[in-house]
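Everything below concerns the one structure shown next.
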Amino acid sequence: MTVHPETARNARPYLTGQETEAIADALAVGQFGHGPATEQFEHALAQFLGVRDVVTVSSCTDALKIALLVAGVRPGDEVLVPSQTFCATVQAVLTVGASPRFVDIDPDTQCVTARTVQDALTARTRVLLPVLYGGRAVDLTALADVLTERGIAVVEDAAHAFGSFQGEQPVGTTGVLTCFSFGPIKNLTCIEGGALVPRTPEDAQAARRLRTLGIGQTQVDRIRTTTYTVHSTGFRATLSAVHAAV
């Protein structure tokens, strides 16, 4: 594929000029994986959004996989996804053993609506996974009672939507599991990275274990001890200190 030079320039991330120094500082600490800079970044994200906790991961795809598991998805469950989305949304569903069921989108917004979701619900639906396409928030409050009654969780694919609002509320603060991307062409970039906003402290603990192969202690804590506990299977999906520094 040939990319026109002007297109390449327009799609480049905007850097402030401080990133090189930040990377050097992170490298000087000597802990290149999940490190102090990662935890500083998590705290800064939570503070910016006004939420209790944010869990950073290596990509939004990993955030989606982890969020689906935190939401209780199991093999054989059904996850509703928009009929138009990036392949990572669907692959996250398949990775956890669930089945994607496609939902029609509104041609004007390119997003699902309460009506199209309502029409797609089945007895097997475990999670609704709306994609905030182009950064547009998706308001599904009209379905809140139906979803609660059926025990259906909402996991937002907000890869495009860091900094967007749903009415007066920033995306990520509406009480659902929200997944962000910090890839090279996103609103906020770490070069590569992602994060999820948990619903509860229990969600946050589960997500942190899943991103670190099921290990209970953080990498920061593990370097101070010779023992640690593996509680479950999981992923190697931590955000490195170098990416967090950027």
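What follows draws every value from the coordinates through simple rules; no lab data is involved. None of these values were measured; they are calculated from a predicted model. A quick note on method: Cβ atoms are made from the backbone with ideal geometry, for glycine too, and the neighbour counts reach across all protein chains shown.
Some observations on this one:
- Highest to lowest packing among 157-170, 132-145, scored as the average C-beta count within 10 Å: 157-170, 132-145
- C-alpha long axis of helix 201-210 to longest principal axis of the chain, angle in °: 70
- Between the listed residues 50, 98, 201, the Cα displaced farthest toward the positive end of the dipole of the chain, a dipole computed from Cβ unit charges relative to the Cα centre, is found at 98.
- Entry for Cα extents along the principal axes in Å (calculated from the structure that is shown) out of (1) 55, 51, 38; (2) 55, 41, 41; (3) 49, 40, 32: (1)
- Relative contact order for the chain, counting Cα pairs under 8 Å that sit 6 or more residues apart, in percent: 26
- Around the Cα centre of the chain, unit charges on the Cβ atoms of Lys, Arg, Asp and Glu (plus for the first two, minus for the last two) sum to a dipole of about 640 debye.
- Only helices enter this figure: runs of n ≥ 4 DSSP H residues, each worth -39500 (n - 2.57), summed and divided by the residues of the chain, yield -9500 deg cm²/dmol at 222 nm to the nearest 500.
- Student exercise, the range 1-113 dipole from Lys, Arg, Asp, Glu Cβ charges, in Debye to nearest 20: 220
- Cβ crowding within 10 Å averaged over residues, with 23-32, 105-114 ranked highest first: 105-114, 23-32
- The modelled label-to-label distance for the pair residue 223/residue 29, using points 7 Å beyond Cα in the direction of Cβ, is 0.8 nm.
- Of all DSSP beta bridges in the chain, antiparallel share, percent nearest 5: 45
- Note on the chain: GNM, Cα springs under 10 Å; of 94, 68, 210, the largest mean-square fluctuation is that of 94.
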